[in-house]
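The values are calculated or read from the model by the stated rules, or taken from the named source; none is laboratory data. Note that the structure is a prediction, hence the values are computed from the model and not measured. A quick note on method: Cβ atoms are made from the backbone with ideal geometry, for glycine too, and the neighbour counts reach across all protein chains shown.
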Amino acid sequence: MDAAQLAFVFPGQGSQAIGMGKALAQTFPAAQAVFEQADQILGFPLSQLAWEGPETELNDTINTQPALLVHSAAALAVLKELHPNLQPSFTAGHSMGEISALIAAEALSFESALRLARRRGELMKQAGEHSPGGMAAVLGAEISLLEHICAQASVPGEVVQVANDNCPGQVVISGAKQALERAIELATQAGIRKIRPLAVSIAAHSPLMERAQASFNEAVAQAGIADPRIPLVGNVTALPLTTATEIRADLQAQLTSRVRWTESVQEMIARGVTTFIEIGSGTVLAGLIKRIDAGVKTFSIGTPEDFEKLVE
């Protein structure tokens with residue numbers, strides 16, 4: 001496959017599931033080695049939590065973020081072993097998946113990426129405990145209308161904003177509980193019928209994460225990010241990032257800013273990408289990408305069966 005037509009993409013929170021990566025590790029020693037290394041780095045059996053639960057602990061953002069990264073890194077290791085000549089022209093990740101993408105871009109070591117994902121989870125959890133908020137998925141609405149609704153629902157000290165532009169017709173809003181409730185009421189009044197509050201206690205990608213910003217900025221600065229060998233399309237800019245400075249700025253801004261996934265995918269397609277390989281847990285990104293452009297090819301690889309389909 002022509003590298004100019006290929007992108008590797010990495011999932012974020014919401015893609016986790018009990019058992020994630022277990023069959024992969026049982027089948028491929030390269031994947032097993034990644035999970036074992038992660039357990040050693042973190043000092044506790046993350047692999048056991050990912051494979052056996054309990055679900056409540058896996059869904060705790062402090063564990064979810066590193067677990068997703070490890071599964072993605074394990075699948076990436078298998079992909080490199082089986083298909084060493086398969087090289088993408090771009091990498092990208094959805095929200096915390098951007099840290100996983102840094103491994104594929106060869107801008108960050110696995111150990112540093114894992115520590116950064118764990119720290120991000122810790123800081124977001126702490127911010128959520130200090131400033132509880134919420135998030136809601138809104139289906140079938142124009143993003144411009146939701147931006148207007150969020151502006152109407154926000155008051156000083158109680159802000160709600162668009163957090164994820166996932167694909168046309170699927171947007172997530174995030175913010176203070178009262179502002180979120182006002183936004184949901186205004187959206188309902190505007191005729192939007194499909195609004196689904198998410199089972200989270202943190203308001204990711206909103207000003208409620210500002211409490212974590214300084215500490216996260218420090219963690220990003222100390223992570224040892226290098227210039228990427230493969231350009232990474234940033235969540236905040238929705239543009240290819242080619243220097244460590246650009247990547248650090250995007251990662252840091254992402255904590256309180258919108259994930260511009262629709263624009264990120266469109267940017268890669270505009271630059272010639274025709275095939276996207278989602279690496280890690282689930283098939284969420286493949287579904288979003290197909291809704292952005294039904295003409296591209298997508299593959300999701302996180303299980304041994306997925307690798308068999310990729311060969312076919």
Could you list, in sequence order, all residues of region 259-272 that are of a type in the set (A, V, I, L, M, F, W, C) and crowded, with 23+ Cβ neighbours inside 10 Å? 259, 261, 265, 268
Identify the residue in region 273-305 that is among the charged types (D, E, K, R) and surrounded by fewer than 20 Cβ atoms within 10 Å (Cβ to Cβ) and, among all such residues, is farthest from residue 97 (Cα to Cα). 305
Which pairs do you get when a residue that is assigned by TED's automatic domain parsing to the domain that holds residue 112 and surrounded by fewer than 20 Cβ atoms within 10 Å (Cβ to Cβ), found in region 60-89, comes within reach of a residue that is hydrophobic (A, V, I, L, M, F, W, C) and at pLDDT below 95, reach meaning Cβ atoms under 6 angstrom, with the pair 6+ apart or on two chains? 87/3; 89/3; 89/4
Of the residues in region 24-44, how many are under 25 Å from residue 95 (Cβ atoms) and either in contact with a helix residue (DSSP H, G or I) (Cβ under 8 Å, 6 or more places away or on another chain) or of a type in the set (Asp, Glu) (or both)? 10
Residue 278 vs (1) outside any strand (DSSP E or B); (2) in contact with a Leu (Cβ under 7 Å, 6 or more places away or on another chain): all pass except (1)
Of the conditions (1) among the aliphatic types (A, V, I, L, M); (2) under 20 Å from residue 288 (Cβ atoms); (3) outside any helix (DSSP H, G or I), residue 230 satisfies every one except a single condition; which number is it? (2)
Identity of the residue in region 35-72, of a type in the set (S, T, N, Q) and under 13 Å from residue 13 (Cβ atoms), that ends up nearest to the chain's Cα centre (by Cα): 65
The one condition in (1) part of a helix (DSSP H, G or I); (2) in contact with a helix residue (DSSP H, G or I) (Cβ under 8 Å, 6 or more places away or on another chain) that residue 263 fails to fulfil: (2)
